[in-house]
Amino acid sequence: MIRCGVVTFPGSNCDDDMLHVVSEVMGQEAVRLWHKETSLHDVDCVLLPGGFSYGDYLRAGAIAQMSPVMNSVKGFAAQGGYVLGICNGFQILCESGLLPGALLRNASQKFICKNVDLEVVTSNSALTSNLNQGDVVMIPIAHAEGRFHADAETLARLQANDQIIFRYSDNPNGSLDSIAGICNEGRNVYGMMPHPERAAEELLGNTDGKALFVSFLQSVKEATQSAV
């Protein structure tokens with residue numbers, strides 16, 4: 001069984017969703033990590049959920065990245081630990097420097113909440129190892145600051161290193177290169193704006209997101225077993 005830590009910041013509103021998917025849908029152990037904690041309690045992976053940490057003041061994720069728990073997350077990632085940030089979690093990972101680029105206000109300057117189609121750009125990732133390049137999954141988005149931006153050098157590096165995991169089929173927010181999800185060069189830190197936890201069981205009418213959790217947790221399991 002995989003032990004998954006789900007971080008809760010003041011303003012997180014998808015942490016319970018994430019805990020539910022990990023424990024009730026995926027059958028793994030879910031551990032709630034409060035933002036003021038410095039211990040990760042021996043988890044095998046860390047999940048940063050969506051929401052509005054610290055009210056999205058300054059910039060989304062800018063204050064959350066200074067929470068005590070993030071120092072531990074950075075250390076965990078530096079040692080090869082798997083980290084996944086969804087929506088606000090993706091913003092926090094970019095603000096903390098664990099992922100390149102930034103998430104800016106949507107081009108429309110409006111909050112967008114709807115189902116979108118994502119193209120799988122690569123299967124060489126913990127999130128998509130059970131999917132094929134070119135597959136399309138439908139995952140909901142819910143954000144006001146989801147427009148991925150990076151300088152030309154960073155974008156070229158993401159493309160050259162196969163770090164772009166998902167692209168929007170119909171770019172809803174004006175993201176550079178239609179980017180919806182990326183990973184770091186070490187391929188152990190992942191961020192995506194869409195919410196797979198909201199599309200992970202039949203009750204919600206969509207299970208496309210479950211495939212991402214299956215891939216991710218399988219990769220975590222293989223990594224933990226190889227480390228023993």
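The values are calculated or read from the model by the stated rules, or taken from the named source; none is laboratory data. These numbers were taken from a predicted model, which means no experiment stands behind them. Every residue, glycine among them, receives a Cβ derived from its backbone with ideal geometry; neighbour counts consider all protein chains shown.
Worth a mention:
- Flag for Leu33 being buried (at least 19 other Cβ atoms within 10 Å of the Cβ), touching a strand residue (DSSP E or B) at 6+ places or on another chain (Cβ under 7 Å), at pLDDT 95 or above and assigned to a helix (DSSP H, G or I): no
- Against the numbered list (1) touching a Phe, Trp or Tyr at 6+ places or on another chain (Cβ under 7 Å); (2) closer than 24 Å to Cys45 by Cα, Pro100 comes up short only at (1).
- Residue that is more than 14 Å from the chain's Cα centre (by Cα), surrounded by 24 or more Cβ atoms within 10 Å (Cβ to Cβ) and at pLDDT 95 or above, where the choices are Asn161, Asn173: Asn173
- Residue match in segment 180-192 (condition: among the basic types (Lys, Arg) and part of a loop (DSSP other than H, G, I, E, B)): yes
- Search result, residues across segment 66-85 that are out of contact with any Leu (no Cβ under 8 Å at 6 or more places or on another chain) and closer than 26 Å to Ser219 by Cα: Met70, Asn71, Gly75, Ala78, Gln79, Gly80, Gly81, Tyr82
- Test: residue in segment 82-92 that is among the polar types (S, T, N, Q), surrounded by fewer than 20 Cβ atoms within 10 Å (Cβ to Cβ) and in contact with a strand residue (DSSP E or B) (Cβ under 9 Å, 6 or more places away or on another chain): no
- Matching residues, segment 41-64, being out of contact with any Leu (no Cβ under 8 Å at 6 or more places or on another chain), touching a residue at least 24 places away in the same chain (Cβ under 8 Å) and farther than 22 Å from Ser219 by Cβ: Gly51, Phe52, Ser53, Tyr54, Gly55, Asp56, Arg59, Ala62, Ala64
- Residue count for segment 76-126 satisfying the condition of being of a type in the set (Gly, Ala, Ser) and either modelled with pLDDT under 95 or part of a strand (DSSP E or B) (or both): 2.
- Residues (among the hydroxyl-bearing types (Ser, Thr, Tyr) and surrounded by 19 or more Cβ atoms within 10 Å (Cβ to Cβ)) located in segment 1-30: Thr8, Ser12
- First in segment 154-176 and farther than 15 Å from Leu103 by Cβ, second anywhere and surrounded by fewer than 22 Cβ atoms within 10 Å (Cβ to Cβ) and among the β-branched types (Val, Ile, Thr), Cβ under 6 Å, 6 or more apart: Asp162/Thr122
- Scanning segment 45-61 for residues that are aliphatic (A, V, I, L, M), in contact with a Phe, Trp or Tyr (Cβ under 8 Å, 6 or more places away or on another chain) and not in a strand (DSSP E or B) turns up just one, Ala60.
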